[in-house]
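Peer 1: One structure is given below, represented as structure tokens, and several questions about it will come after.
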Ligand code: NAP
């Protein structure tokens with residue numbers, strides 16, 4: 001058990017939701033502490049935007065902005081007002097009492113009067129080495145058509161979408177605005193998607209489906225040029241020329257560390273029992289961003305819910321008589337995404 005005074009507010013995560021929550025909390029003198037996570041093969045601090053090249057739909061950046069730069073700016077803005085940052089994962093929590101308790105990977109348990117979970121979700125990938133490489137380098141492989149589909153290099157090209165759920169239908173339909181043709185590649189002979197969305201995709205003259213087909217390799221050096229496909233019935237392999245690949249095989253919310261400590265939805269996202277609120281089933285615990293959202297999944301909606309979570313946490317703390325710690329410290333901002341050391 002930690003001996004120290006409990007933190008006012010601990011925020012878990014490092015995407016747009018986390019940094020926006022931190023910015024609001026820091027400016028409200030709550031002296032927030034962010035656990036931004038550790039870099040690993042699957043995860044890097046900064047969240048899913050660290051995988052995106054240019055973001056053209058985040059308001060305020062008419063020329064677009066790189067995903068890493070946007071995260072760097074958001075972090076600097078939060079740190080500038082006194083947010084403290086630790087580069088550790090939270091591996092375990094104990095929400096059975098109050099203060100809430102959190103276990104960072106390398107340090108002792110931390111206590112907090114309020115916690116905001118902003119740990120995000122991760123897009124599922126097929127798991128092919130070239131898929132990962134080209135997704136990381138902006139080489140025409142993406143897990144978000146709404147984020148990336150309008151890029152000029154996808155215009156009038158044949159674009160492939162992998163998956164058979166609602167996301168795949170939605171991505172395929174969206175991409176018909178730009179593509180010469182959209183090919184849905186699905187591993188079975190029927191869609192999992194809702195009938196209305198599947199029917200809409202199937203009725204679109206620009207969409208065709210490769211049924212019972214798996215992608216076994218992504219072809220291209222700096223940019224995707226094609227896919228290697230395998231017919232799952234005959235086993236036959238062939239190559240298909242494409243100008244882009246959109247993987248839409250679901251998302252996994254990052255909730256492993258919560259292990260039965262807070263109520264989740266049937267899809268595994270953190271449940272918010274009240275509409276338009278970020279409160280959870282646990283008092284003093286709030287949630288924002290993609291770990292609570294399987295519907296919008298946009299940077300701007302994540303940032304919006306981050307603001308909501310900080311405001312709700314602030315009101316909860318005020319209501320429960322928690323004094324605000326100290327005036328915000330305005331430090332000279334330095335780029336520190338991936339550095340992790342506290343600046344403020
Ligand atoms: P999903 O429903 O879980 O569908 C994932 C699809 O990907 C399935 O067709 C699955 O194939 C396929 N798949 C999974 N792993 C694969 C792999 N390794 N290789 C190839 N294919 C693979 O996920 P989702 O489409 O993202 O939807 C998630 C939830 O969000 C659903 O509840 C959905 O209704 C909802 N959603 C709603 C909307 C909307 O209403 N506008 C839009 C998007 C999502 P199998 O079918 O063979 O398992």
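Taken together, the values in this text are just the output of simple stated rules run on the coordinates, not laboratory data. Since we're looking at a predicted model, the values are computed, not measured. Note that each Cβ is placed from the backbone with ideal geometry, even for glycine, and that neighbours are counted across all protein chains shown.
Peer 1: Between residue 233 and residue 108, take the C-beta separation as r, use R0 = 45 Å, and let me know the FRET efficiency to the nearest 0.05.
Peer 2: After rounding, the FRET efficiency stands at 0.20.
Peer 1: So, one more: Quick one: angle between helix 166-175 and the longest Cα principal axis of the chain, in degrees between 0 and 90, rounded to 10, please.
Peer 2: 70 degrees
Peer 1: Which whole-number percentage describes the relative contact order of the stretch 237-314, with Cα contacts under 8 Å and a sequence gap of 6 or more? Mind showing how you got there, number by number?
Peer 2: Values: 79 pairs, mean separation 17.8, N = 78.
Relative contact order of the stretch 237-314: 23 percent.
Peer 1: Distance between Cα centroids, the stretch 204-253 to the stretch 108-141: provide it in whole Å.
Peer 2: After rounding, the separation between the Cα centres reads 23 Å.
Peer 1: Remind me, relative contact order of the chain in percent, using alpha carbon pairs under 8 angstrom and six or more residues apart?
Peer 2: Normalised by residue count, the contact order of the chain is 25 percent.
Peer 1: Let me ask something else about it. What is the extension gain from residue 61 to residue 98, computed as 0.36 nm multiplied by their sequence separation minus the C-alpha to C-alpha distance, in nm to one decimal? Write down the numbers at each step before the final one.
Peer 2: On the way: separation 37, 0.36 × 37 = 13.32 nm, distance 4.15 nm.
Value of the extension gain: 9.2 nm.
Peer 1: Next question. Can you work out the FRET efficiency for the pair residue 223 and residue 265, with r the C-beta to C-beta distance and R0 = 45 Å, to the nearest 0.05?
Peer 2: Details: r = 38 Å, r/R0 = 0.83.
Computed FRET efficiency for residue 223 and residue 265: 0.75.
Peer 1: A further question on this structure: Between residue 256 and residue 73, how many nm apart are label points set 7 Å from Cα along the C-beta direction?
Peer 2: Distance between label points: 3.3 nm.
Peer 1: Taking Cα atoms of the stretch 155-246, Rg/Rh with Kirkwood Rh, to two decimals? Before the final figure, lay out each step's value.
Peer 2: Details: Rg = 12.6 Å, Rh = 13.1 Å.
With Rh from the inverse mean 1/r over Cα pairs, Rg/Rh is 0.96.
Peer 1: At a 10 Å Cβ-Cβ cut-off, how would you order 180, 119, fewest neighbours first?
Peer 2: Values: 180 13, 119 32.
The order, fewest Cβ neighbours first, is 180, 119.
Peer 1: Further question on the same structure: Going by average Cβ neighbours within 10 Å, how do the peptides 185-194, 274-283 rank, with the highest at the top?
Peer 2: Descending packing order for the listed peptides: 185-194, 274-283.
Peer 1: Taking the mean number of other Cβ atoms within 10 Å as a proxy for protection, how do you rank 136-147, 206-217 from highest to lowest?
Peer 2: Sorting 136-147, 206-217 by mean packing, highest first, produces 136-147, 206-217.
Peer 1: Let me have the relative contact order for the stretch 125-247, percent, based on Cα pairs under 8 Å that are six or more residues apart.
Peer 2: 30 percent
Peer 1: A further question on this structure: Evaluate 2.2 N^0.38 Å with N set to the residue count of the chain, then give the Cα radius of gyration divided by it.
Peer 2: Expressed relative to 2.2 N^0.38 Å, the Cα Rg reads 1.06.
Peer 1: Take 5, 176, 20 and order them by how many other Cβ atoms sit within 10 Å, fewest up front. Before the final figure, lay out the partial values.
Peer 2: Details: 5 10, 176 17, 20 28.
Going from least to most buried by this count: 5, 176, 20.
Peer 1: Another question about this same structure. Let's test the formula: R0 of 25 Å, r as the Cβ-Cβ distance of residue 150 and residue 196. What FRET efficiency results, to the nearest 0.05?
Peer 2: Approximately 0.50, to the nearest 0.05.
Peer 1: For the peptides 227-240, 250-263, what is the packing order when you average, over each peptide's residues, the other Cβ atoms within 10 Å and list the highest mean first?
Peer 2: Values: 227-240: 13.9, 250-263: 17.2.
Highest to lowest by the protection proxy: 250-263, 227-240.
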